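Participant: First the structure, then my questions, so here it is.
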Amino acid sequence: MSDTPVIEIQNLHKAYGDLEVIKGVSIKAGRGDVVSLIGSSGSGKSTILRCCNLLEDSQQGEILFKGEPVTWGGTGHSRRPADAKQVLRIRTNLSMVFQQFNLWAHMTILQNVMEAPVTVLGRDKAEVEEAARGYLDKVGIGDKCDVYPAQLSGGQQQRAAIARALCMEPEALLFDEPTSALDPELEQEVVRVIKALAEEGRTMLIVTHDMKLAADVSDQVVFLHQGLIEEQGTPEAVFGSPKSERLRGFLSATM
Ligand code: ADP
Ligand code: MG
């Protein structure tokens, strides 16, 4: 097994115009690692995920996918604009699940899951359908193939979005607050799916406000404060014996 990380973020800097929001962040996720990003609203968690997935450019530092630099934007000697092929490869391999599910309302659940593998990746339709049905079964909504998103609960919609991400056969999954839009009782059905994915050894970066989820699934927890890593470590260290005053304050406000 290779020890090249699946995702390696090195000294990332990102600004929106004049507003510098990521100020030198380094994070590594090896194969099968689950890394959770926690921190107050506005600390830069989503921006980091979006940079990994090339939904945002950045100004300094590198993001490596299995050792290959994929950083987009800026002017440094090792930086380059990502071309369309590279963007597609990265988005396929680092498949993202959003807070608001982002399912296509006019497509059935099965069509939602099949759409990108068939039309974007050009995979065989029959094979994709079989895989898609399998992933929908896996997330517990195999009986919802032919209904439209509006007919599902939020928890079911999010599970469909997870099946859609899995159907890209990605190297890693990026979750951006996957349970934040859900009522507490629906949250748990999504948490169970994420835990099962962690147990099967999926590489995942998870932005979450759910400290219990972060504690249960993570190999590493990263606490961000204003665009910098304030503290990071195992869940035992971060939740059990937090060193930074800010982290202690954050945890006592959220747990
Ligand atoms: P988090 O996910 O931790 O809440 P974000 O990464 O969304 O934080 O945001 C980090 C900072 O960047 C915040 O100050 C936010 O207002 C700002 N920001 C996020 N997206 C944009 C954008 N598209 N344009 C300008 N500022 C943005
Ligand atoms: Mg966010």
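Participant: Which residue, of Lys66, Lys14, is of a type in the set (Lys, Arg), within 19 Å of the chain's Cα centre (by Cα), closer than 30 Å to Thr119 by Cβ and modelled with pLDDT of 90 or more? Don't jump to the end; show me each part of the working.
Facilitator: Numbers: Lys14 fails: closer than 30 Å to Thr119 by Cβ.
Result of the check over Lys66, Lys14: Lys66.
Participant: Which one is nearest to Leu182 (Cα to Cα), of the residues in segment 88-108 that are assigned to a loop (DSSP other than H, G, I, E, B) and hydrophobic (A, V, I, L, M, F, W, C)?
Facilitator: Phe101
Participant: Related question: For Lys85, only one of the following conditions fails: (1) assigned to a strand (DSSP E or B); (2) surrounded by fewer than 14 Cβ atoms within 10 Å (Cβ to Cβ); (3) not hydrophobic (A, V, I, L, M, F, W, C). What is its number?
Facilitator: (1)
Participant: Which members of segment 109-144 meet the condition of being within 28 Å of Thr208 (Cα to Cα) and not in a helix (DSSP H, G or I)?
Facilitator: Val139, Gly140, Ile141
Participant: Return the only residue of Leu55, Leu49, Leu37 being of a type outside the set (Asp, Glu), surrounded by fewer than 20 Cβ atoms within 10 Å (Cβ to Cβ) and within 16 Å of ligand 2 (Cβ to nearest atom). I'd like the intermediate steps shown before the answer.
Facilitator: Working: Leu49 fails: surrounded by fewer than 20 Cβ atoms within 10 Å (Cβ to Cβ); Leu37 fails: surrounded by fewer than 20 Cβ atoms within 10 Å (Cβ to Cβ).
Leu55 is the lone residue from the list that is of a type outside the set (Asp, Glu), surrounded by fewer than 20 Cβ atoms within 10 Å (Cβ to Cβ) and within 16 Å of ligand 2 (Cβ to nearest atom).
Participant: What are the residues in segment 173-192 that are more than 16 Å from ligand 1 (Cβ to nearest atom), surrounded by fewer than 19 Cβ atoms within 10 Å (Cβ to Cβ) and of a type in the set (A, V, I, L, M, F, W, C), if any?
Facilitator: Result: Leu186, single match.
Participant: Let me confirm something: among Glu20, Glu56, which residue is in contact (Cβ under 8 Å) with a residue 40 or more places away in the chain and either in a strand (DSSP E or B) or of a type in the set (Ser, Thr, Tyr) (or both)? Full working, then the answer.
Facilitator: Details: Glu56 fails: either in a strand (DSSP E or B) or of a type in the set (Ser, Thr, Tyr) (or both).
Just one listed residue meets the conditions, Glu20.
Participant: Oh, and also: Provide a single number: the residues in segment 89-105 that are surrounded by fewer than 16 Cβ atoms within 10 Å (Cβ to Cβ), among the aliphatic types (A, V, I, L, M) and either under 18 Å from Ser46 (Cα atoms) or at pLDDT below 90 (or both).
Facilitator: Residues in segment 89-105 being surrounded by fewer than 16 Cβ atoms within 10 Å (Cβ to Cβ), among the aliphatic types (A, V, I, L, M) and either under 18 Å from Ser46 (Cα atoms) or at pLDDT below 90 (or both): 0 in total.
Participant: Name the residue that is farthest from the chain's Cα centre (by Cα), counting only residues in segment 214-255 that are surrounded by 20 or more Cβ atoms within 10 Å (Cβ to Cβ) and β-branched (Val, Ile, Thr).
Facilitator: Per the criteria, the residue is Val238.
Participant: Next up: Being touching a helix residue (DSSP H, G or I) at 6+ places or on another chain (Cβ under 8 Å) and either more than 16 Å from ligand 1 (Cβ to nearest atom) or part of a helix (DSSP H, G or I) (or both) is the filter here, so list the residues in segment 221-250 that pass it.
Facilitator: Once the filter is applied, which keeps residues that are touching a helix residue (DSSP H, G or I) at 6+ places or on another chain (Cβ under 8 Å) and either more than 16 Å from ligand 1 (Cβ to nearest atom) or part of a helix (DSSP H, G or I) (or both), segment 221-250 yields Pro235, Val238, Phe239, Pro242, Leu247.
Participant: To continue, here is another question. Evaluate the following for Ile38: is it assigned to a strand (DSSP E or B), at pLDDT 95 or above and within 16 Å of ligand 1 (Cβ to nearest atom)?
Facilitator: yes
Participant: Let me ask something additional. Can Val120 be described as touching a strand residue (DSSP E or B) at 6+ places or on another chain (Cβ under 9 Å), modelled with pLDDT under 95 and surrounded by fewer than 19 Cβ atoms within 10 Å (Cβ to Cβ)?
Facilitator: It is false that Val120 is touching a strand residue (DSSP E or B) at 6+ places or on another chain (Cβ under 9 Å), modelled with pLDDT under 95 and surrounded by fewer than 19 Cβ atoms within 10 Å (Cβ to Cβ).
Participant: Could you please let me know if Gly67 is crowded, with 21+ Cβ neighbours inside 10 Å and touching a residue at least 24 places away in the same chain (Cβ under 8 Å)?
Facilitator: Taking the combined requirement at face value, the residue does not satisfy it.
Participant: Which is modelled with pLDDT of 95 or more and not β-branched (Val, Ile, Thr), of Ala253, Ala196? Walk me through how you get there before you give the answer.
Facilitator: On the way: Ala253 fails: modelled with pLDDT of 95 or more.
Criteria check complete, one pass: Ala196.
Participant: Closer than 30 Å to Gly39 by Cα, within 16 Å of ligand 2 (Cβ to nearest atom) and among the small types (Gly, Ala, Ser) - does that describe any residue in segment 94-114?
Facilitator: No - not one qualifying residue is present in segment 94-114.
Participant: Here is a further query. Where residues in segment 197-213 are surrounded by fewer than 18 Cβ atoms within 10 Å (Cβ to Cβ) and either more than 22 Å from Val6 (Cα to Cα) or without any contact (Cβ under 8 Å) to a residue 40 or more places away in the chain (or both), which of them is nearest to ligand 2 (Cβ to nearest atom)?
Facilitator: Checking each candidate, the answer is His209.
The values are calculated or read from the model by the stated rules, or taken from the named source; none is laboratory data. The shown structure was predicted, so the numbers you read here are calculated from the model rather than taken from an experiment. In this analysis, Cβ positions are derived from the backbone assuming ideal geometry, glycine residues included, and neighbour counts consider all displayed protein chains.
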